[in-house]
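Student: I have a structure I would like to understand better, so I am pasting it below and will then ask my questions one at a time.
The values are calculated or read from the model by the stated rules, or taken from the named source; none is laboratory data. Predicted model only: the values in this text are computed from it and were never measured. Cβ placement follows ideal geometry from the backbone for every residue including glycine, while neighbour counts extend to all protein chains displayed. Accessible surface areas use protein heavy atoms only, side chains included; no ligands, DNA or RNA. Shrake-Rupley method; radii C 1.70, N 1.55, O 1.52, S 1.80 Å.
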Amino acid sequence: MSNVFIFTGKSIEEVDFMEDCYLQLILIQYSIKSVSENIGRLEVELENNQESISDTTKTQWINDLKTLRTIQAFLSEWLYQLNKHCPNP
């Protein structure tokens, strides 16, 4: 099921986001922003706590950064491809 409920300003409507490329674009942009914020937060945490965290934690945070960057790259490519296929409103 790919339906979501959105508030249009006057009412709540059910929308199939798999059929609505503009809603997909919005959701992907918010996802990219969220992932970017998490990357930034984790980089700051890693930099500020390098001396006080264990090697295991440091390794886990570095792996988390790699995963987040992979997700960010995937979402960016998805956004790019979707932008190519969505006609201008």
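Student: Can you give me the distance in nm between label points at Glu47 and Val15, each placed 7 Å from the Cα along the Cα-to-Cβ direction?
Tutor: Taking the simple label geometry, Glu47 and Val15 are separated by 3.6 nm.
Student: Using only helices, what value at 222 nm comes out for the chain when you add -39,500 (n - 2.57) per DSSP H run of length 4 or more and divide by the total residues, to the nearest 500 deg cm²/dmol?
Tutor: For the chain, the value works out to -24000 deg cm²/dmol.
Student: For Ser76 paired with Ser31, estimate the spin-label separation in nm (one decimal), with each label point 7 Å from Cα along the Cα-to-Cβ line.
Tutor: Going from the Ser76 label point to the Ser31 one covers 1.6 nm.
Student: Angle between the Cα long axis of helix 55-85 and the longest principal axis of the chain, 0 to 90 degrees, nearest 10?
Tutor: Relative to the chain, helix 55-85 is tipped by roughly 20 degrees.
Student: On C-alpha positions alone, give me the angle between the axis of helix 21-48 and the longest principal axis of the chain, in degrees, nearest 10.
Tutor: Value to nearest ten degrees: 10.
Student: Give me the 1.4 Å probe accessible area per residue for the chain, excluding ligands and nucleic acids, in Å².
Tutor: Accessible area per residue, the chain: 76 Å².
Student: Report the charge-dipole magnitude of the chain in Debye, nearest 20, computed about the Cα centre from +1 at each Lys and Arg Cβ and -1 at each Asp and Glu Cβ.
Tutor: Once rounded to the nearest 20, the dipole reads 180 debye.
Student: Over all directions, average the projected area of the Cα convex hull of the stretch 1-64 and note it in nm².
Tutor: Average projection, Cα convex hull of the stretch 1-64: 6.6 nm².
Student: Oh, and also: Given a 1.4 Å probe and every protein chain left where it sits, what share in percent of the accessible area of the stretch 39-89 is carbon and sulfur?
Tutor: Carbon and sulfur together cover 53 percent of it.
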